[in-house]
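*Asks:* To start, I am sharing the structure in question, which I have written as structure tokens.
The values are calculated or read from the model by the stated rules, or taken from the named source; none is laboratory data. Fair warning: this is a prediction, and the values are worked out from it, not measured in the lab. Ideal geometry is used to build each Cβ from the backbone, glycine not excepted, and the neighbour counts take in all protein chains shown. For accessibility, only protein heavy atoms count, side chains too; no ligands or nucleic acids. Shrake-Rupley method; radii C 1.70, N 1.55, O 1.52, S 1.80 Å.
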Amino acid sequence: MAAKLTKGFWPKTANIILRNRILIIFLITGFTIFMAMQWQYMRFSSSQTNLLPDDHPVNQQYQDFLSKFGEEGNAVVFAIRDSALFKPENFNRWNKLSKQLGAFPEVEFVLSTDNLQELVKDNEKQEFKMQPLISRELTTQKEIDSITNHLFNNLPFYENLIYNKESRTLRTIVYLDKDIVNTSVRKDFILQDLNTLVKNFEKETSLDVHISGMPYVRTMNSQNIIDEIGKFILAALGVTSIIFFFFFRSIRATFISMCVVIIGVMWAFGLLGLLQYEITVLTALIPPLIIVIGIPNCIFLINKYQQEVKKHGNQALSLQRVISKIGNATLMTNITTASGFATFIITDSKLLKEFGIVASINIIGIFIISLLIIPIAYSFMPLPKTKHLKHLNKKWIDAFVSWMESIVRHRRISVYIVSIAVLVLSIIGIYQIRISGSPIEDMPKNAEFFHDIRFFEKEFKGIMPVEIVVDTKTPKGVLKPATLKRMNQLGEVIEEIPELSTPVSVVNLIKYSKQAFYNGLPKYYQLPTSQENSFIMDVARKSSNNSDLLKTFVDSTGQSARITTFMRDVTTSRMEQIEERLLENIAKIFPAERYNVYMTGSALLFLKGTKYLVKNLIMSLALAIGLIALFMAYLFRSFRMIIISLIPNLLPLVITAGIMGFVGVPIKPSTILVFSIAFGISVDDTIHFLAKYRQELTANNWRIEKSVYNALRETGVSMFYTSIVLFFGFSVFVISNFGGTVALGSLVSATLLLAMLANLILLPSLLLSLEKSIANKQTLKKPQIDILPQDEHSN
């Protein structure tokens, strides 16, 4: 019944399309204009990528931290490592830069040598007070030397916060308004105002300023993504159009195909605006993906049209048959491709969900565009000339198909031996794959801001914040001596870990208070003893300045405190070791019945998010494989056909995973996408081949060998064309500055090339070897849907 309905549906569809050409052109034009109008609602991601769902315990802890202490990643840091900085004119200009930055409404406050405060004891009032380190402009070298020596030698509170004592690197910290950190205001301020001020400073002083901090890194990174979108689209259009023209040698066919994919790109951007999704590193890939995936549709449709014209020269009949014979096959292949992307929708990650929704909808959209525009465009044009049909008889293509046929016919055992050997090697490689949870690994390595990240890692041990929250379970419990002592113990553990920076917490402030109590002597920078504690803390409580400083480290109730440290870019396994060591010490130092202590921060959040994402994407890949298996079962009603169809598509994935292990490409959010994308696309060739094979079985009275070779000759050309387009199309991503995008492009390209060879060599070999037992009409039932009509002779 389904077959009869399908058989009647496509001829009717062809009639509707060709009889309503003008109306359809107006509808497509109108809808394209509507989608173009949605571009105004497109926005680029300003917030930090969160890979975890809202209800995940790690995410809930992070949100709890933000509710108590506010946004953690709101600091932009500037540093100079140059002895010339300490010349009077340069030092004063550095302090002036701090004043200029502090004048902007986007800045909450600035911590620098310009406004550095020294905690001192007021003996008259018996309280601590803050007095400026620099009260006037310094004019002589002697004054600057005196101030810097005092800072480096007598104020350990600021060590590794404002200065590195060994290298004499000075740092300025600009804390942005927490309300703008995750908005476009942050981006505009950094790109326009902040960068301009720094460039002017560098021009005037000839000093090199290093800039970093999570707001700055995120801004520069997202700007790189924006800059690459146009580059990808132009590269994808250029590469696919050149290959398309090389195959068809027709400017007309190339122009029509480019129009199809350009409209598809316009719809893709429009859908992002319509759904009000942010453009992220993933959704930025969708427009070039639409170009790469849309071109094979054009190849199948135009190739069929030219074959029909060559066969009988009747344009109306050729266009009718293009839609009625290729329409269903192209629909099915686009559905399987869209299914590969749609499996991302089941993940709990907002980032992947949005990517899956937009990609899958646009893949179906590009199918509709190509099915409508190509026949209608050709209906207004004269018949193709003889020179445009010459590609159908290219000798090198025939030689390629003959070579494959020869391998299948004479070297099947060799094919199996090579396949098994490669499979074993790949499995060995898979065991060497590592997972990467580094948020900066994919960032452009040649970018200036990436070099600055490495600079801050060397000078101040990193920029990625790790937060430890200590909940004492009682109001004002943080300042109790026992709690401070325990926090200090944990701080000592943190200092022993080379990848973590010196921790900053309320403990540092209490130590500074004791130093101030003893007239600023550096040797007293330590926690008060039990005898000292009562009178030092009594002085501290009277000091209003201390209360202001406390707000940074302690929540409003005095019940919870934060310990902040920064982490270098390390491997995932090392990050897990650090986390394990810290949690082990937390459990020892803080009794669970008296304290609730947890770790959070963007570095830890990204690590947990990556691991969660890998788990979800493995599930989505399994679902994609299951969906394709069900699809094959629905079409062919044979368990053996399901196995035969999956092997040529799973083997390339295993080989790619093995290559990743041997080459050292880690599993991360960008590379894990390779498998679902490649599987969804590569299975299209299998469907085309098996559909043609099914028709040949019927036409040749169930003679397997003849049917396999006929199917190989008929489908080989189109499969080769589309695979080459896909290979070079995805290869455009290697021009990216982002390591993850480069890996995605090269791995998908390699996987699709392997899948083509598997579908043209391994699949026919398996059919010849394993399909004999169902080579009769009783055991091989007619499929529910005829993908291609029985008189179809080419894809």
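*Asks:* Which value, in Å² and to the nearest 10, is the accessible area of R93 when all protein chains are kept and the probe is 1.4 Å?
*Replies:* 30
*Asks:* To continue, here is another question. Run the dipole for segment 154-274 about the Cα centre, Lys and Arg Cβ at +1, Asp and Glu Cβ at -1, nothing else charged, and hand back the magnitude in debye, nearest 20.
*Replies:* 440
*Asks:* Considering Cα pairs under 8 angstrom that are at least six residues apart, work out the relative contact order of segment 253-372 and quote it in whole percent.
*Replies:* It comes to 35 percent, rounded to a whole number.
*Asks:* Can you list, largest first and rounded to whole Å, the semi-axes you get for segment 617-765 by taking the square root of 5 times each eigenvalue of its Cα gyration tensor?
*Replies:* Those come to 30, 17, 11 Å.
*Asks:* Another question, then. Any chance you could give the angle, 0 to 90 degrees and rounded to 10, that helix 195-205 forms with the longest Cα principal axis of the chain?
*Replies:* Compared with the principal axis, the helix lies near 60 degrees.
*Asks:* Turning to a different aspect of this structure: How many Å² of accessible area per residue for segment 444-526, probe 1.4 Å?
*Replies:* Using a 1.4 Å probe on heavy atoms only, each residue of segment 444-526 averages 40 Å².
*Asks:* While we're here: Suppose the chain between Q131 and S206 were pulled fully straight at 0.36 nm per residue; how much longer would it get relative to their current alpha carbon spacing?
*Replies:* 23.8 nm
*Asks:* Right, another one. When only the heavy atoms of the protein chains count and the probe is 1.4 Å, how do K203, K511, K311 rank by accessible area, highest first?
*Replies:* Result of the area sort, largest leading: K203, K311, K511.
*Asks:* What are the ³J(HN,Hα) couplings of segment 82-93, residue after residue, when phi is run through the Karplus curve with 6.51, -1.76, 1.60 and θ = phi - 60°? Round to Hz, x for glycine and proline.
*Replies:* 6, 5, 5, 4, 8, 6, x, 5, 6, 5, 5, 5
*Asks:* I'd like the carbon and sulfur percentage of the solvent accessible area for the chain, probe radius 1.4 Å, heavy atoms only, ligands and nucleic acids excluded.
*Replies:* That share works out to 59 percent.
*Asks:* In addition: 5 Å is the cut-off here: which amide hydrogens, built 1.01 Å from N in the peptide plane, fall below it relative to V597, excluding neighbours closer than 5 in sequence?
*Replies:* Amide H neighbours of V597: D471.
*Asks:* With charges set only on the Cβ (+1 for Lys and Arg, -1 for Asp and Glu), what does the dipole of the chain come to about its Cα centre, in debye to the nearest 20?
*Replies:* Roughly 3520 debye, rounded to the nearest 20.
*Asks:* Give me the accessible area per residue for segment 250-305, probe 1.4 Å, as a whole number in Å².
*Replies:* Ligands and nucleic acids excluded, the figure is 22 Å² per residue.
*Asks:* To the nearest 10 square angstrom, how much accessible area does H150 have with a 1.4 angstrom probe?
*Replies:* Using a 1.4 Å probe on the heavy atoms, I get roughly 50 Å².
*Asks:* Helix-only mean residue ellipticity at 222 nm, the chain, DSSP H runs n ≥ 4 weighted -39,500 (n - 2.57), per residue, nearest 500. What is it?
*Replies:* -21000 deg cm²/dmol
*Asks:* Rolling a 1.4 angstrom probe over the protein heavy atoms, how many square angstrom per residue are accessible across segment 4-117?
*Replies:* 53
*Asks:* Can I ask one more? Between 0 and 90 degrees, rounded to the nearest ten: what's the tilt of helix 544-553 against the longest Cα principal axis of the chain?
*Replies:* Approximately 30 degrees, to the nearest ten.
*Asks:* Search the structure for amide H atoms under 5 Å from the amide H of Q559, placed 1.01 Å from N in the peptide plane, and list their residues when 5 or more places away or on another chain.
*Replies:* Close amide H contacts, sequence-distant or interchain: K476, G477.
*Asks:* Let me check something: with ligands and nucleic acids excluded, how do F44, F157 order by accessible area (1.4 Å probe), largest to smallest?
*Replies:* F44, F157
*Asks:* Helix 506-517 versus the longest principal axis of the chain: what angle, 0 to 90°, nearest 10, using Cα atoms?
*Replies:* The two axes meet at around 20 degrees.
*Asks:* Applying the Karplus parametrisation 6.51 cos²θ - 1.76 cosθ + 1.60 with θ = phi - 60° to the phi angles of segment 690-698, what ³J(HN,Hα) value in whole Hz is obtained for each residue in order, glycine and proline being reported as x?
*Replies:* 5, 5, 5, 4, 4, 5, 5, 4, 5
*Asks:* If you don't mind, another one. Per 0.36 nm of contour for each residue apart, how much would the distance between I618 and L234 grow if the chain were fully extended, relative to their Cα-Cα spacing?
*Replies:* Value of the extension gain: 135.0 nm.
*Asks:* State, to one decimal in nm, how far the label point of A316 lies from the label point of L423, with both points 7 Å from Cα in the Cβ direction.
*Replies:* 5.4
*Asks:* Where Lys and Arg each count +1 and Asp and Glu each count -1, what net charge lies around P88 among other residues with Cβ under 13 Å from its Cβ?
*Replies:* Charge balance in the 13 Å sphere: +1.
*Asks:* Among W39, W267, W94, W403, what's the order by accessible area (1.4 angstrom probe), most exposed first?
*Replies:* From most accessible down to least: W403, W39, W267, W94.
*Asks:* Taking the Cα centre of each part, how many Å lie between segment 561-634 and segment 308-333?
*Replies:* Taking the Cα centre of segment 308-333 as reference, the centre of segment 561-634 is 52 Å away.
*Asks:* So, by mean Cβ neighbours within 10 angstrom, what's the order for 595-601, 678-684 with the highest one leading?
*Replies:* 678-684, 595-601
*Asks:* If you look at just the Cα atoms of segment 157-268, how large are its Rg and its Dmax in Å?
*Replies:* Cα only, segment 157-268: 23.1, 73 Å (Rg, Dmax).
*Asks:* While we're here: Ignoring everything but the protein chains, give the 1.4 Å probe accessible area of S670 in square angstrom, nearest 10.
*Replies:* We get 20 Å² for S670.
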